[in-house]
């Protein structure tokens, strides 16, 4: 499949915009939709595991030890659900 | 050997669908198209087709199911009328913009309200700029023939657009006429197999259909769609030629009936063309030179070809079986006159709105139009271009 970008002329686009590829939503970074940003305060975090299952964007990475890491801001839209469920105030929402 | 039969327009459409043997038919009943999926569902029950019949809960779902099936790589069909089409409207645009060549018989009937279930073209006119190829049929034979050609046209790689085959509700759909059918295997061979290049059920090439298409892309995709519609004209002619070789029945973008040396002409679509032909013959017998241009291909609209075909007459009447309620004439009138203007054909042309909500259209009405046209041809003057016939006043 030819690489399509915002400058591609109509001749290069696929009919109906069909993508001849799967799993490509990873290429669509939605982080710039964010107006408020969750900030991870590691020292307050007890690794209770409540935040990452509720993230609609899978933007809280979890490592092999089942511990959460810092936010993936490429996809975090700043919805604030994680901050809302955190019992330890370990996530703070800040203006972008 | 072809088969001589007598069938209603709905039966003829259902038999064409049987011969096409689509992968999926998803439909919801609405008068007067109801019989098409009803007859077809008996073919499914009797095992004479391999089709998956989906009895959906609404027309919106019917078109949605067709979109899914077609995107998956199957041939999908439905049939509808009037308000059923109106309920489909959102998905009608999705089908064409995703370039899915779904085929749908459309049995023309007034869009309510006030509530009316009879023939006019207000349903078809409501999707005229939706990226669907629209063929109109004078009688059951044409409804059948057009339907057999529809997949070949829509699925062509230069087109990839859905196709709707129009016929007049009740007048054609429920009237039994003689018809010549192809044998099943001959029809099936003509329609051929659908082999899409990209489809969802191809495990070797996973694809995504209908993605986000924002400011940087939609304009180009619409241009591609518009180009596909332009390409469709030649493809329709090509497929029609092939069909003629098989059946001897000739189809073009429109039919010119005694138009060559005509002084005045009527332009119309669907069953009214049949009535008009009778009147043309009668008037010709009296030595009055009248002609008819019957539109078969309404979308893409053959503006240039129509303008050329009409360029030698002295007066024209365009008959619209739907009032556009816009204070400047019906949709067909606007299309024809715009085509004439752009192609520098300046001939006095009038519009008649007629047959709304199933109002009878008689040979007397058509004679009246020709008589008005002869007067206009004589004086060259048009006092009011926006006219009606059959209206009680």
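Per-structure values
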| quantity | calculated |
| --- | --- |
| Stokes-Einstein D for the protein assembly as shown, Kirkwood Rh over Cα pairs, 4 °C, 1.567 mPa s (µm²/s) | 51 µm²/s |
| Shape category assigned to the stretch B:119-213 from the gyration tensor of Cα positions, a/c cut at 1.5 | oblate |
| Length added when fully stretched, residue B:379-residue B:5, from 0.36 nm per residue minus Cα-Cα | 129.8 nm |
| Relative contact order for the stretch B:234-320, counting Cα pairs under 8 Å that sit 6 or more residues apart, in percent | 37 percent |
| Contour minus Cα-Cα distance for residue B:203 and residue B:115 (0.36 nm per residue) | 26.9 nm |
| Backbone N under 18 Å from the residue A:4 label point (7 Å along Cα→Cβ), restricted to the stretch B:221-265 | B:221-229 |
| Distance between modelled label sites at residue B:242 and residue B:386, nm, 7 Å Cα→Cβ extension | 4.5 nm |
| Residue B:308-residue A:48 pseudo-label distance in nm [points 7 Å out on the Cα-to-Cβ vector] | 7.8 nm |
| Normalised contact order of chain B, rounded percent, pairs of Cα under 8 Å and 6 or more residues apart | 16 percent |
| Residue with peak Gaussian network fluctuation, chain B [Cα springs, cutoff 10 Å], from B:354, B:39, B:223 | B:223 |
| Within 10 Å of each Cβ in B:130-140, the average number of Cβ atoms from other chains | 0 |
| Helix B:35-45 axis, angle to chain B major axis (alpha carbon atoms, nearest 10°) | 30 degrees |
| Calculated FRET efficiency for the pair residue B:21/residue B:249, C-beta based, R₀ 25 Å, to 0.05 | 0.70 |
| Protection proxy ranking of B:72-79, A:4-11, A:56-63 - average other beta-carbon atoms within 10 Å, highest first | B:72-79, A:56-63, A:4-11 |
| Estimated 222 nm signal from helices in chain A, with DSSP H stretches of n ≥ 4 weighted -39500 (n - 2.57), rounded to 500 | -1500 deg cm²/dmol |
| Förster-model FRET efficiency, 45 Å R0, residue B:226 and residue A:88, C-beta, rounded to 0.05 | 0.20 |
| Residue A:24 paired with residue B:183, simple spin-label distance in nm, labels 7 Å along Cα-to-beta-carbon | 4.7 nm |
| For the stretch B:6-127: rounded, prolate or oblate by the Cα gyration tensor [a/c cutoff 1.5] | oblate |
| Beta bridges by DSSP in the stretch B:3-247, antiparallel share as percent, to the nearest 5 | 25 percent |
| Within 10 Å of each Cβ in B:209-221, the average number of Cβ atoms from other chains | 4 |
| Folded to 0 to 90 degrees: helix B:59-72 orientation relative to chain B principal axis, Cα | 60 degrees |
| Peptide A:5-17 - average C-beta neighbours from other chains (10 Å radius) | 6 |
| Most to least packed among B:292-301, B:51-60 [average Cβ atoms within 10 Å] | B:292-301, B:51-60 |
| Max mean-square fluctuation residue, GNM over chain B, Cα-Cα springs under 10 Å, options B:66, B:166, B:328 | B:328 |
| Estimated FRET transfer efficiency when R0 is 45 angstrom, pair residue B:234-residue A:58 (beta carbons, to 0.05) | 0.40 |
| Highest-MSF residue in chain B out of B:262, B:26, B:315 [GNM, Cα springs under 10 Å] | B:262 |
| The stretch B:64-172, relative contact order in percent, only Cα pairs under 8 angstrom and at least six apart counted | 30 percent |
| Cα centroid of the stretch B:353-377 to Cα centroid of the stretch B:25-40, whole Å | 32 Å |
| For the stretch A:76-96 versus the stretch B:198-270, the gap between their alpha-carbon centres in whole angstrom | 53 Å |
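A short reminder: the numbers here are calculations on the coordinates, not readings from a lab. In this text the structure is predicted, and so the values were computed from the model without any measurement. No Cβ is skipped: glycine too gets one built from the backbone with ideal geometry, and neighbour counts run over all protein chains shown.
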